[in-house]
Each structure stands twice: as C-alpha cells, then as structure tokens.
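The numbers here are math on the coordinates, done by the rules we state, and not lab data. All of these numbers come straight from a predicted model, not from anything done at the bench. When we count neighbours, we look across all protein chains shown, and the Cβ atoms used for this are built from the backbone with ideal geometry, even at glycine.
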Amino acid sequence: MEGFKTAVHNKKYRILAVFFWIAVWQLASMLVNKEMLFASPFAVIRALAGLTGKGVFWISIFHSFFKIVLGFLLAIALGILLAVLSYGNIVLKEIVTPLMKTIQATPVASFIILALLWVRSKNLSILCSFLMTLPVIYTNVLQGLYGTDPKMLEMAAVFRIRRLKKIRYIFIPAVMPYFVSASTVGLGLCWKAGIAAEVIGLPKFSIGEQLYEAKIYLMTEELFAWTMVIIFISVISEKLIIRLIRIIQEGLT
Amino acid sequence: MNLYLRNITKQYEGNLVLNQLNLEFKEGKITCIMGPSGIGKTTLINIIMGLVKPDYGKIEGTEGRKISVVFQENRLCEGIGAVENVKMVCDKKVSELKIKQEFEEVGLLDYENKRTLELSGGMRRRVALVRAVMAESDIIIMDEPFKGLDEKLKGQVINYMKRKTRGKTLIIVTHNKEEVEALSADLIVLAPHDMI
C-alpha cells in the first residue's frame, strides 16, 4: 500500500513537472513574441494536429522508424556477436577494441558526410544509427561477460553444466543489466544520429526531410512539432525495446 | 578406487599453504577434514576438484570420475527456482517430481518453486545439498555443508545424506566433531605442522 501511494505521488509530481515546463515554454514564447522564432505550445499543437492529417506525416514516421530501428537491431546483433567472440579470443578482442573506440570517438557529422560517399542517402540513417550503437553494445556486453561471477563458472565446471545451460543461467543474467543500459543509451543515440543523417542526406519521405523543409520555409511551429514527434517516438521505442528485452529474458530464464 | 593425494604442495604469493601433503580417501566412505581456519582446507578441496592446480604433487583416483560439490557459499543461480537449480546439474531422466520429493526429505516442501533469491540462508544451503546429492557423481565434496542449519534440521539432513550417498566417496570439511560422529566418518585433521 505504501509503495502504491509513493507511485501515485511520483506520477502526480511527474505530471506537474510536465505542466510546469509547458508553462515555462509558453512564457518564453510570450517574451520573445515572435512565433517564427519561438513557437508557443498552442501553435505547436495546432501544427501537430495539421500534420497528423497528412499522409506524408505517417509515411515519413514509418520510413524513419523502420530504418533507425533496423540500424539499431543490426548493431545489437553484431555487437553481441563480436563481444562474445572477443570474450573467447583475446587476439580478436585486441583487434576489435581499437576499432570500437575509434567509432565511438568519431563525430556523428564526420560519419554522415563520409557515409554519403559510400551509401545512398536513403540508407544513410541505417548506417549511422548502426555505427552509433555498435560500440555501445559491444563494450557493455563484453564488460558484462567479464563481470560474470568466476565462482559460478567454477560451479558450472565442477558440475559439468552444458554450454547452453551455462549461457542461459550464468552468462545471460550477468550480461543483462549491462545490455539493457547499453540498449537504452544506444537507442537514444540512434535517433539523434539517424535524424541528423536524414537532415543532411535528405532521403525522400523521412522525418529529417520534413524537419529540413520546415526549417527552410521558416515553419517554426512545424519544426517544433516534428521535434516533439521525434522525442515521443524515441521514448516509445525505448520502452518497447526494453519490454521486448525483458520478455526475451523471462523466456530464457 | 581410493583417492590419493601425493606430496601436494601449494603456495600463494610466497605463503606456503599446503606442504607435501599425503592423504588417502577411501572409496565409498565418508571422510571429514578438520583443522583451524586458514590451514588450507578449502585449497585442498579446490585442488581435488581441479579448480586449483598444485605447485607440486599429484592426485590419483579422480580421472574419469564425476565430482559434485556443496560450496561454502552455495553458488546457486539466484534468479531461478530451487528445482531449476537442481535440474540444471541432473541427468535428463530426473523428473521435477523426483526433485520435489528430495526437497521434501530435507524439509523444503512448498518452497521448491520460489526463486533461490527469496529463500533464507538455511533453505539455500539445503538446495545446494540436494543439488550435490542429485547430480550424477562418484565423489561428493562438501565445504561446511551444515552451516546455518539448526540442530533438528542438521539431523534430518545428515540422515538424508547418509541414505542418498551410499557407495559414493564423500569428502566433508567441517569444524564440528559432533558432525563427524553423526556421519560415522573417517577423520583427517590438518595440523599446523603441514604448513611452514
């Protein structure tokens, strides 16, 4: 009961915080007093309502979502694979680690411009979100593997526990907290890098293209509205991915 | 086949823990190892299990023989149920029902599906004990297996162990002479003269 009360209180404060910031936003737009420079929350909601009635809005969201999430999932698959192989082979680890560190340290803008030379602009967001997430997943999964309790591995060795069971009962629980936090961070990076790639590459029917058009035609309300959409999709996809990971984890253990 | 330790020597960072130790463990018998803390009892059983390599000496009688163990710290998978923990080390033919019956014998009825994380220290100890007993093995090694159990439970568990491990070689580290008597076990006392 106490826990329920705390949860209700927390939710109440969270909603209050949202209203507080909307009020600050409204106040700021009133102070600036130029919708073209700083759109008010009401103007943005109006613009958003207008956008949702257009087919291009939904098509752009679908395209961007599909490509960014695809890049993210590919990064998860390759990141896990490389981490597992690196855990088992120190030479491979020494080869892969500097590459991951280089990818991690390279500015997103450099990647986008370089990638434009290699891939078509419509696939740019896949590559960029993939490259942003790969080192995060690799590093964290590898860290989780190295963090596996050596005492549990000794237990598995004495009892001659089979490899699959060892993975399921010892390695996955050890890696999971690292993987979940890497996925959360990675997905956030994916959306930032993916949309940036679209704004530069301007693939047809993408959120990036819509953002760019809103900017060049000085449609500030739409620019704000699209930004809100990106934040919303990013949060929703993060929640979905985390739920999916939890379901997979429960199924495995 | 009896198990022999011949001239086992082990040192950690210059500290000699075991010095030319020679021991014999009779096949199918229970042998208890006693001795003061820090004398190398856990090192000794780790060497028998193959988890620690001796600096010198050899072990005879473990080749091709299966070992199961009760570690001092249980080493159970905490996120899964007690039955699952035992099933993990058993032959495929061993059913869940059989494992539950074993739990019943050590007073763990109604707790078998709880995650081990939610069990008390004494309950976890009994899960670790059942796991070692149920695993396919010729040699069972136990490091203070009755730690954390009250006298009544200890008696129940000792009876269970004696019944279920007949014919197997048991090596038990203990600090309690009464346990040695209750187990009708041979006794090896590691004395400081085994150390330098």
Restricted to the protein assembly as shown, the DSSP antiparallel beta bridge percent, nearest 5, is 40 percent
Checked chain A with the C-alpha gyration tensor, a ≥ b ≥ c its square-rooted eigenvalues, rounded below a/c of 1.5, otherwise prolate if a/b is larger than b/c and oblate if not; verdict oblate
Dividing the helical contributions, -39500 (n - 2.57) per DSSP H run of n ≥ 4, by the residues of chain B yields a 222 nm value, nearest 500 deg cm²/dmol, of -9000 deg cm²/dmol
Reduced to Cα centres, the span from region A:42-120 to region B:1-80 in Å works out to 52 Å
Partner shielding of A:158-170, taken as the mean number of other chain Cβ atoms within 10 Å, equals 4
Of A:Glu198, A:Glu222, A:Glu35, the most mobile residue in a GNM of chain A (C-alpha springs, cutoff 10 Å) is A:Glu35
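What do you get for trypsin sites (Lys or Arg not before Pro) in region A:47-154 restricted to DSSP loop and a cutoff of at most 12 other Cβ within 10 Å of the site's Cβ? Mind showing how you got there, number by number?
Values: sites: A:Lys54, A:Lys67, A:Lys93, A:Lys101, A:Arg120, A:Lys122, A:Lys151; in loops: A:Lys54, A:Arg120.
Of the trypsin sites (Lys or Arg not before Pro), the ones in loops of region A:47-154 whose Cβ has at most 12 other Cβ atoms within 10 Å are A:Lys54, A:Arg120.
Ratio of Rg to Rh for region B:74-153, alpha carbon only, Kirkwood?
Working: Rg = 11.7 Å, Rh = 12.6 Å.
Answer for region B:74-153: 0.93.
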When the charge dipole of region A:54-252 is computed with +1 at the Cβ of Lys and Arg and -1 at the Cβ of Asp and Glu, the Cα pointing farthest to the positive end, of A:Met219, A:Leu82, A:Met132, is that of A:Leu82
Too long for a 29 Å Cα-Cα cut-off, among B:Lys66/B:Lys100; A:Lys239/B:Lys92; B:Lys53/B:Lys152, are A:Lys239/B:Lys92; B:Lys53/B:Lys152
With bins of 10 Å, the percent of all Cα-Cα pairs of region B:39-196 per bin from 0 is 10, 39, 35, 14, 2, 0
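Pairs of Cα atoms under 8 Å, at least six residues apart: use those to get the relative contact order of region A:54-252, whole percent. Kindly include the intermediate steps, with their values, before the conclusion.
Numbers: 228 pairs, mean separation 54.3, N = 199.
Relative contact order for region A:54-252 comes out at 27 percent.
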For chain A, the longest principal axis of the Cα atoms and the Cα long axis of helix A:55-88 enclose an angle in degrees, to the nearest 10, of 20 degrees
If one builds a Gaussian network model of chain B from Cα atoms under 10 Å apart, the most fluctuating residue listed among B:Glu105, B:Glu27, B:Glu63 is B:Glu63
Nearest 10, in degrees from 0 to 90: the angle of helix A:172-201 to the longest Cα principal axis of chain A is 30 degrees
Nearest 10, in degrees from 0 to 90: the angle of helix B:151-164 to the longest Cα principal axis of chain B is 80 degrees
Measuring from its Cα centre, region A:54-252 shows a charge dipole (+1 at each Lys and Arg Cβ, -1 at each Asp and Glu Cβ) which, in debye to the nearest 20, is 760 debye
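Counting other Cβ atoms within 10 Å, keep those with at most 15, restrict to DSSP loop, and tell me which trypsin sites (Lys or Arg not before Pro) in region B:150-196 are left. Kindly include the intermediate steps, with their values, before the conclusion.
Details: sites: B:Lys152, B:Lys154, B:Lys162, B:Arg163, B:Lys164, B:Arg166, B:Lys168, B:Lys177; in loops: B:Arg166, B:Lys168.
Sites meeting the loop and neighbour criteria: B:Arg166.
With charges only on Cβ, +1 for K and R and -1 for D and E, what is the dipole size of region A:172-253 about its Cα centre, in debye, rounded to 20? Before the final figure, lay out the partial values.
Details: 6 positive and 7 negative charges, 55 e Å.
Using Cβ point charges on Lys, Arg, Asp and Glu, region A:172-253 gives about 260 debye.
If you take all C-alpha pairs in region A:1-101, what percent of them are over 25 Å apart? Don't jump to the answer; show the numbers that get you there.
Details: 3145 of 5050 pairs.
That fraction is 62 percent.
What's the average, rounded to a whole number, of partner chain beta-carbon atoms within 10 Å of each residue's beta-carbon in B:84-90?
Details: counts 2, 1, 0, 1, 10, 7, 1.
Mean partner-chain Cβ count within 10 Å for B:84-90: 3.
Roughly how crowded by other chains is peptide B:70-81, in terms of the mean Cβ count from those chains within 10 Å of each of its Cβ atoms?
Values: counts 0, 5, 1, 2, 2, 9, 3, 10, 2, 6, 4, 1.
Partner-chain Cβ atoms within 10 Å, mean over residues of B:70-81: 4.
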Of all DSSP beta bridges having both residues in chain B, the percent classed as antiparallel (nearest 5) is 40 percent
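Can you give the Rg/Rh ratio of the protein assembly as shown, where Rg is from the C-alpha atoms and Rh is the Kirkwood radius? Walk me through the numbers on the way to the answer.
Working: Rg = 31.0 Å, Rh = 26.8 Å.
Result for the protein assembly as shown is an Rg/Rh of 1.15.
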